[in-house]
Structures are given as structure tokens and as C-alpha cells.
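Here the structure is laid out as C-alpha cells; the discussion comes afterwards.
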Amino acid sequence: MAIDFTMQDLLQATIDEGGSDLHIRAYMPPKLRVHGALEDLSDDDLSEEESLELCRQIATEEQMAEVEKNGGADFALAHPDGTRFRVSIFKERKRYGAVLRQIPNTLLSMEQLGLPPVVKELLFKPRGLILVTGPTGSGKSTTLASMLNVINHERSVHIITIEDPIEFYHTSDKSLVTQREVGDDVPSFAEAIRRALRQDPDVILVGEMRDLETIAAAITAAETGHLVFGTLHTTGAAETVDRIIDAFPTNQQAQVRTQLAAGLQAVISQILLPKLDENGEVHGRVAAFEIMTSTDAIRSRIRDGKTNMIKSDLQTGAKYGMQTLDAHLTALYKEGLISYEELITKSQDPDSVVQKLKEEMGE
């Protein structure tokens, strides 16, 4: 190879720089995402052969064969110092590329993540469905791991996690934790949920509710007396409810609305933003949350198909621990933790946000 670094060198640089993601692609230098922005790790572009060789350094022959057959392979990888990465190797324009996401070694507490107290209360529910949603890279896995950590240390229950791949390893404490990896331990998410119901679970984590079969199995598990956690790539509580219902055929949607109205405990929607320090410089990232908890009004909206009215319930539901994403973004801006640009570009209704700020400033 013409390049004078290995994949281990790049992984070490990712750890040293506090990067969240390492990108390997032909005809560009290795890139590292730090505090949300991409930076070059080299002055030289990788050739097609070099990007392939870097991928081969971390993948088994079976994994490379899967890339050849299916166009991609996902797996977890451990650095010699114990730091773990979630790896996705893929082909693009017939060339090989990879993205490696660093999985934090230490679990952050819910307080450190900025989650409000109402979320901890949800962890002691005997049954129901709790959804953590947001775009890729918004910290959903970190939030879920923190929540499960609380249950593991404070409740005597059986937790089953179903993940692809397993990201955070949980050592059984007060709870018994069983972690199953899709592909290695069980063929699919839906199959894993069905089997889990015969394994005396109290809490089930579904790493990704990516298809109708998995969504249906998760709803059924929540209905039958289990506390089920799941993720969806949606932003906002109302959008999440719509996404679940729309996944089903039209003739089943009324029934699903009834099931969701009865079983959904909460939707926690989150995004990650560049965090400003006291000098206004970007240093780290901060999460903004939209939180919907199940109330009689929310259940009625879901059951009657009036999800467009959920936002107004969030705005008036502070006593139930609810908040809109825009309200939290505004609070973060006022605290000096995010920029005005981030506030406006990430808010769901920027015109209303600007108007409220002007009113508060007496303009």
C-alpha cells in the first residue's frame, strides 16, 4: 500500500480525537466526524485498492463475502484498548467503503444526557411500549443503553435485548440481562421477539423496528404484559405514531390505532446538535428531546386518528412531563448551548420559534 497507516492507526486517531464516526472511501482521504463536523485525517486520497485493503484489515472472509453478495455487511469490532465500534462495510459505484461508529466505553447517566425526570418514571412501568426515535446518529442507542442501565441496577427483572449488532454490553446486576445479536444468535428481529416471549422476559429492547413484522411483534409483546423499548427513524411524536400505523395495511389500521392507544407509554424523540462552550466555540454535542407521555387525551388522539392534534397536547402537557422539540431547542438556545442557526434549522416550526423569541424580547 502506498499509504503509511493501517486501519488500527485510524481507529486510534478516532479514539484520540473523540470522533464519533470514521469514513473510508475511495478517491478521498479518511474522514472523521468530530462534534458533528467531518474532518480529513490525511492529505492524500485513498485509491480503490487502498480503501479495499483497509476494509479487509477489519473484516473476516465471511463478512467480505457478504459484502460481495448483498452489497454490505454490518458487525461490531473491538479495538485492543477495549473501545468498540459499529462497522458498516459497503459497495458504492463498485468500490469499497466503510463507516465505523465509536461506541462510548462508559454509559452516561440519564441526567448527563439531559433526559428529564419523567423518563426515569417510565422505566418502572410494568408493561407497554416506549419508543426512542430520531435520525441516524442522534444518540438513540446511547439513550436506550442509559435507560436499561437504570433498570438493570434498580429492578429485579429479566431484560432481553435484540440488537444488530450488540452495541453496549450490560453486565447483569439486580436484573438478569440476556443480549441477542441478529445474524449470530437469531435470524431476525421479529423472530427474536417471538422467541423472547417464551424466555420469561419482563423488559425487551428491540434495537430497530425496521419492518411491519417487527413492529407488529413489538406491539404484541407490549400488549401481553411486557415493557418493550424500540427505535424508529422518525422525528417527533405525532410522526412516530403515523409511521407505525402507516406501516400496516389499510384494513388493519383501525385495530392498530386501538392497540397503540392502549399500549404506547411514551415517545422520546431526539436530535444531536453541536454544543457551544462559554466562549461560543463548538465543544461536544448536546441532545434536544421531544417527549410525549400517554394520557387520556393522547390515547384519544391516537385511537381517533387525530395525530395532528398531538402537538397542541405536548405544548400544554408540561405537568405530565411533556415537551415539544421546539420548546427544548429554544431553552438550549437561551442557555447559550446551541447557536441561533441550529435553533432555526432544527426546529419543526421556525416561524413560531422566531415569533415567540421576539415577543419575549418585547419586539
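For the chain, with the dipole built from +1 on Lys and Arg beta-carbon atoms and -1 on Asp and Glu ones, taken about the Cα centre, which of Val182, Tyr96, Leu197 lies farthest toward the positive end?
Farthest towards the positive pole: Leu197.
Select from the range 112-207 those trypsin sites (Lys or Arg not before Pro) which occupy a DSSP coil region and have at most 12 other Cβ atoms within 10 Å, ordered by residue number.
Values: sites: Lys120, Arg127, Lys140, Arg155, Lys174, Arg180, Arg194, Arg195, Arg198; in loops: Arg127, Arg155, Lys174, Arg198.
Sites meeting the loop and neighbour criteria: Lys174, Arg198.
What does the net charge come to around Ser339 if you take all other residues with beta carbon closer than 15 Å to its beta carbon, with K and R at +1 and D and E at -1?
-2
Using a 1.4 Å probe, what is the accessible area per residue for the chain, in Å²?
Numbers: 17220 Å² over 363 residues.
Ligands and nucleic acids excluded, the result is 47 Å² per residue.
Of the listed values (1) 5, 26, 34, 25, 9, 1; (2) 5, 22, 30, 26, 14, 3, 0; (3) 4, 18, 19, 18, 16, 10, 6, 5, 3, 0, grab the one calculated as P(r) over Cα pairs in 10 Å bins from 0, in percent from the structure here.
Comparing each candidate, only (2) matches the computed number.
How much of the accessible area of the range 131-234, in percent, comes from carbon and sulfur atoms when a 1.4 Å probe is used? List each step's numbers first, then the result.
Values: 1710 of 3810 Å².
Within the range 131-234, the accessible surface is 45 percent carbon and sulfur.
Treating the beta-carbon of each Lys and Arg as +1 and of each Asp and Glu as -1, no other charges, what is the dipole magnitude of the chain about its Cα centre, to the nearest 20 debye?
Values: 37 positive and 57 negative charges, 361 e Å.
For this selection, approximately 1740 debye.
For the range 236-276, with all protein chains present and a 1.4 Å probe, just round the carbon and sulfur fraction of the accessible area to a whole percent.
Within the range 236-276, the accessible surface is 45 percent carbon and sulfur.
Counting each DSSP H run of 4 or more residues in the chain as -39500 (n - 2.57), what helix-only mean residue ellipticity at 222 nm follows after dividing by all residues, to the nearest 500 deg cm²/dmol? Working shown, then result.
On the way: 15 runs with 138 residues, N = 363.
So the helix-based figure for the chain works out to -11000 deg cm²/dmol.
Just want the answer: with Cβ charges of +1 for Lys and Arg and -1 for Asp and Glu, which residue in Thr324, Leu113, Ala287 is farthest toward the dipole's positive end in the chain?
Thr324
Could you calculate, for the range 206-300, the ratio of the Cα radius of gyration to the Kirkwood radius, expressed as Rg to Rh?
Details: Rg = 16.3 Å, Rh = 14.9 Å.
Result: Rg/Rh = 1.09.
Of the candidates Ala247, Ala65, Ala190, which one comes out as most mobile in a Gaussian network treatment of the chain with C-alpha springs shorter than 10 Å?
The residue with the greatest mean-square fluctuation here is Ala65.
Find out how many positive minus negative residues lie around Pro350, taking Lys and Arg as positive, Asp and Glu as negative, among other residues whose Cβ is under 13 Å from that of Pro350.
Working: positive: Lys346, Lys356, Lys358; negative: Asp326, Glu341, Glu342, Asp349, Asp351.
Surrounding charge for Pro350 is -2.
Mind grabbing the accessible area of Thr324 for me, 1.4 Å probe, Å², rounded to tens?
10 Å²
State the answer as a single residue: which of Gly236, Ala217, Gly305 lies farthest towards the positive end of the charge dipole of the chain, with beta carbon charges of +1 for Lys and Arg and -1 for Asp and Glu, about the Cα centre.
Looking along the dipole axis, the top candidate is Gly305.
Over 21 Å between Cα atoms, which of Lys120/Lys140; Lys125/Lys346; Lys306/Lys346; Lys334/Lys356; Lys319/Lys346; Lys31/Lys334 qualify?
Working: Lys120/Lys140 16 Å; Lys125/Lys346 32 Å; Lys306/Lys346 25 Å; Lys334/Lys356 12 Å; Lys319/Lys346 25 Å; Lys31/Lys334 33 Å.
From the list (Lys120/Lys140; Lys125/Lys346; Lys306/Lys346; Lys334/Lys356; Lys319/Lys346; Lys31/Lys334), the Cα-Cα distance tops 21 Å for Lys125/Lys346; Lys306/Lys346; Lys319/Lys346; Lys31/Lys334.
Which one, Asp202, Asp211, Asp351, has the greatest fluctuation when you compute a Gaussian network model over the chain with C-alpha springs under 10 angstrom?
Taking springs between Cα atoms under 10 Å, the residue moving most is Asp351.
Restrict the search to the range 231-326; then list the GluC sites (Glu not before Pro) that DSSP places in a loop and that have at most 13 other Cβ atoms within 10 Å of their Cβ. Walk me through the numbers on the way to the answer.
Numbers: sites: Glu239, Glu278, Glu281, Glu290; in loops: Glu278, Glu281.
Hits after loop and neighbour filter: Glu278, Glu281.
The values are calculated or read from the model by the stated rules, or taken from the named source; none is laboratory data. In this text the structure is predicted, and so the values were computed from the model without any measurement. We place every Cβ from the backbone using ideal geometry, glycine too, and count neighbours over all the protein chains shown. The accessibility values were calculated without ligands, DNA or RNA, using every heavy atom of the protein model including side chains. Shrake-Rupley method; radii C 1.70, N 1.55, O 1.52, S 1.80 Å.
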